[in-house]
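These notes are about the structure you will find just below.
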Amino acid sequence: MNALNLTVLADYEMMSDAATDLVIETLKKAPEGLYCFAGGDTPVGTLRRLVAAHKNGEIDLQKAYFVELDEWVGLDGADKGSCLNYLETELFGPAEIDAAHYHYFQAKSVDLEGECQAANEFIEMHGGLELILLGVGVNGHLGFNEPGVSFENYAHLIDLDSTTQDVGQKYFTKEVDRTKGITLGIKHILEAKTAILVANGEKKQAAITHLLEEKVTDNWPVTILRKHENAHIFIDENAFA
């Protein structure tokens, strides 16, 4: 069991600042490395700070490579609310990153197993993930690695937990099928050279409490970060029960 690098900040802005500083430090050391940034409400502050740092010349995001963490099966970048649409809106578009520098799941494909393999191969081709930035679900999921998931998976398809389906509706203005996901696996997270988790707000207290209890369980996938060699946890005071 590895010690967690836990940092509790006063609020979301300070949490995002701290996470951004570590990502920038890593980007400066490995400017052409492979990075994976989660979508969702929590990481967006970090992504916007990274884009600002890119625009002011502190870092060059155009040299780096990126891989999508997860996607709703049946959606693509044209669908507002999809994970790819989020990344294109918050990162790839504003930083003008060449499409050849990022890999994403084609989640409308008839060969979704092939999409999993393609993601695995892209990561392997780049020597693994330099850094992965994660949020955590209220049910403890990382990406779409839901409660009960195998910790031995690389990219895989998964039936989404009812909690994930319910919470996910906020990203969409219309009803979409949210029953299945495609995601990088826990093995990818564990093998990343650096893992960062950001979590804020009272709704994340249960997940963070389980993470800090020193018991690794697939009922709360977030707890696997206790086995990561270099995991950094940034949370605000409201997420700290």
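The values are calculated or read from the model by the stated rules, or taken from the named source; none is laboratory data. Quick caveat: nothing in here was measured; it's all calculated off a predicted structure. Quick reminder, even Gly has a Cβ in these numbers, built from the backbone with ideal geometry, and neighbours come from all protein chains shown. Surface areas here come from the heavy atoms of the whole protein model, side chains and all, with no ligands, DNA or RNA. Shrake-Rupley method; radii C 1.70, N 1.55, O 1.52, S 1.80 Å.
Numbers at a glance
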{"read-out": "Number of positions in segment 225-241 that are more than 17 Å from the chain's Cα centre (by Cα) and not in a helix (DSSP H, G or I)", "value": "4"}
{"read-out": "Residue in segment 215-224 that is free of Cβ contacts under 8 Å to residues at least 40 places away in the same chain, surrounded by fewer than 22 Cβ atoms within 10 Å (Cβ to Cβ) and outside any loop (DSSP other than H, G, I, E, B) present", "value": "yes"}
{"read-out": "Residues that are under 18 Å from residue 104 (Cα atoms) and open to solvent by less than 30 Å² (accessible area, probe 1.4 Å), drawn from segment 139-157", "value": "142, 143, 144, 145, 155, 156"}
{"read-out": "Answer from 76, 17, 41 - the residue that is under 30 Å from residue 213 (Cα atoms), under 19 Å from the mean Cα position of the chain (by Cα) and assigned to a loop (DSSP other than H, G, I, E, B)", "value": "41"}
{"read-out": "Extreme residue, nearest to residue 157 (Cα to Cα), among residues of segment 47-76 that are modelled with pLDDT under 95 and surrounded by fewer than 19 Cβ atoms within 10 Å (Cβ to Cβ)", "value": "74"}
{"read-out": "Which numbered condition residue 93 misses (of (1) on the phi < 0 side of the Ramachandran plot; (2) at pLDDT 95 or above; (3) open to solvent by less than 20 Å² (accessible area, probe 1.4 Å); (4) of a type in the set (Gly, Ala, Ser))", "value": "(3)"}
{"read-out": "Search result, residues across segment 126-138 that are touching a strand residue (DSSP E or B) at 6+ places or on another chain (Cβ under 8 Å) and open to solvent by 20 Å² or more (accessible area, probe 1.4 Å)", "value": "126, 127, 128, 130"}
